[in-house]
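A quick write-up on the structure given underneath.
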Amino acid sequence: MIKIGNVAIEKTAALAPMASVADTAYRTVCKKFGACYVVGEMVSVKGLYFSPQKALDLLSITPKERPMAIQLFGSQPKYFEYALPKVLKSKPDIIDINMGCPVPKVVKTLSGCMLMKNPELAEKIAKCVVKNSPVPVTVKIRKGWDENSINAVEFSKRMQNCGISAITIHGRTKTQMYSGKADWEIIAKVKNSLDIPVIANGDVYSPESAKKMYDVTGADLIMVGRGSFGRPWIFSQIASFLKTGRYEPDPSLARRMQIMLEHIRLICDNKGENLGMKQARAQAIKYFRGIKGAARYREICSRLTTFSEIYELVKNISNDCYLNNGGF
Ligand SMILES: Cc1cc2nc3c(=O)[nH]c(=O)nc-3n(C[C@H](O)[C@H](O)[C@H](O)COP(=O)(O)O)c2cc1C
């Protein structure tokens, strides 16, 4: 177990915040398959002020997701202060501040990773949130803006001095976006320089790489994003590998399809079938990776509009596989 403030979290693998991916349904499924902690999609504090309904939808937390953090982004302390009472109504276990997002739309507003270029403003924001939050506050950063301005260590120390309870670091620069390799050495340097827990993030795609990330970085916790796409069971595999050195192989195709249907059912329950199925297509596609005939299934998937259609597709996949392989 580790502790972020007063929140105890198992030392296995957490789910990274992922806008448009890690919604309630995704988080619930990952939690069910062993994620020890989840972080919600980033929510704009200014959005909570100007178009509250859209942003408020992102604040919901169901009991099965806990412990969970709500992640906020913005560039003006006054909007954080305004947003906090609304955010706290959802009773998040933790509040995370996004200081690592590289997306132009976000950095253009001086939010996300742009705050790493402006540590004074970042400090004002961190202090403001810490002051107004009864729950622990954490910050998520990158390695730095670019290779010529790597400041994760100094920046993290400044954040620690503002009273935050943990820091997550994705070992890439803003200019790298998602290319190249995450630098785990810089995470180790941050860990060695701080007293608060450090959460390591970037490029964990297997139980073996999860263990390696713990070994290389000495982090208190690791966080998995893309490695969970279409395979939420990676969290229980990681937990098992860390504990015993062994883990169950990926589930059978039949079981994978069942998990996918469960996931999509949840999306539709939460968002309604119309919107739900639009978003579900992108999720469903990820569960087909490695399946014989995946390209054809993906193509069919891109046109699905109702839950019963995806149910039929799974039945057809089952029949195809039964005919091709003599059963799953
Ligand atoms: C689709 C997508 C959306 C993301 N949205 C967020 C976000 O809302 N907040 C955030 O801090 N990071 C976000 N990230 C970054 C991830 O949290 C994570 O730092 C990054 O993917 C590296 O981890 P990984 O290699 O395990 O995927 C996003 C990443 C992806 C791929």
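The values are calculated or read from the model by the stated rules, or taken from the named source; none is laboratory data. Quick caveat, the model's predicted, so the values are computed rather than measured. Positions of Cβ are backbone-derived with ideal geometry, glycine not excepted, and every protein chain shown enters the neighbour counts.
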Checklist entry - Which of the following residues is assigned to a helix (DSSP H, G or I) and either of a type in the set (D, E, K, R) or under 17 Å from the mean Cα position of the chain (by Cα) (or both): 231, 255, 246, 172? => result 255
Item to check | Total residues in region 191-221, condition within 20 Å of residue 179 (Cα to Cα), surrounded by fewer than 17 Cβ atoms within 10 Å (Cβ to Cβ) and of a type in the set (Asp, Glu) | outcome: 0
Checklist outcome for this item: For region 55-70 the number of residues that are within 15 Å of the ligand (Cβ to nearest atom) and either among the β-branched types (Val, Ile, Thr) or touching a Gly at 6+ places or on another chain (Cβ under 8 Å) (or both) is 6
Next on the checklist: Can you say whether residue 156 is more than 16 Å from the chain's Cα centre (by Cα), over 16 Å from residue 42 (Cα atoms) and hydroxyl-bearing (Ser, Thr, Tyr), as far as the supplied structure shows?
Outcome noted: yes
Checklist entry - Among 25, 14, which is within 11 Å of the ligand (Cβ to nearest atom), among the aliphatic types (A, V, I, L, M), assigned by TED's automatic domain parsing to the domain that holds residue 204 and not in a loop (DSSP other than H, G, I, E, B)? => result 14
Next on the checklist: Given the options 205, 178, name the one that is assigned to a loop (DSSP other than H, G, I, E, B), touching a Gly at 6+ places or on another chain (Cβ under 6 Å) and at pLDDT 95 or above.
Outcome noted: 205
Item to check | Listing of helices (runs of 4 or more DSSP H) fully contained in region 57-169 that carry 2 or more residues being assigned by TED's automatic domain parsing to the domain that holds residue 23 and within 15 Å of residue 5 (Cα to Cα) | outcome: 119-132, 152-161
Next on the checklist: It is to be established whether one or more residues within region 44-53 are assigned to a loop (DSSP other than H, G, I, E, B), hydrophobic (A, V, I, L, M, F, W, C), within 16 Å of the ligand (Cβ to nearest atom) and in the same structural domain as residue 83 (by TED's automatic domain parsing).
Outcome noted: no
Checklist entry - Among the numbered criteria (1) closer than 30 Å to residue 108 by Cα; (2) touching a helix residue (DSSP H, G or I) at 6+ places or on another chain (Cβ under 9 Å); (3) of a type outside the set (Asp, Glu), which single criterion is violated by residue 53? => result (2)
Next on the checklist: Testing residue 38 on (1) over 23 Å from residue 273 (Cβ atoms); (2) away from the ligand (no atom under 13 Å from the Cβ); (3) in contact with a Leu (Cβ under 7 Å, 6 or more places away or on another chain); (4) not small (Gly, Ala, Ser), one condition comes back false. Which one is that?
Outcome noted: (2)
Checklist entry - Among the residues of region 185-196, which ones are part of a helix (DSSP H, G or I) and in contact with a Lys or Arg (Cβ under 8 Å, 6 or more places away or on another chain)? => result 186, 193
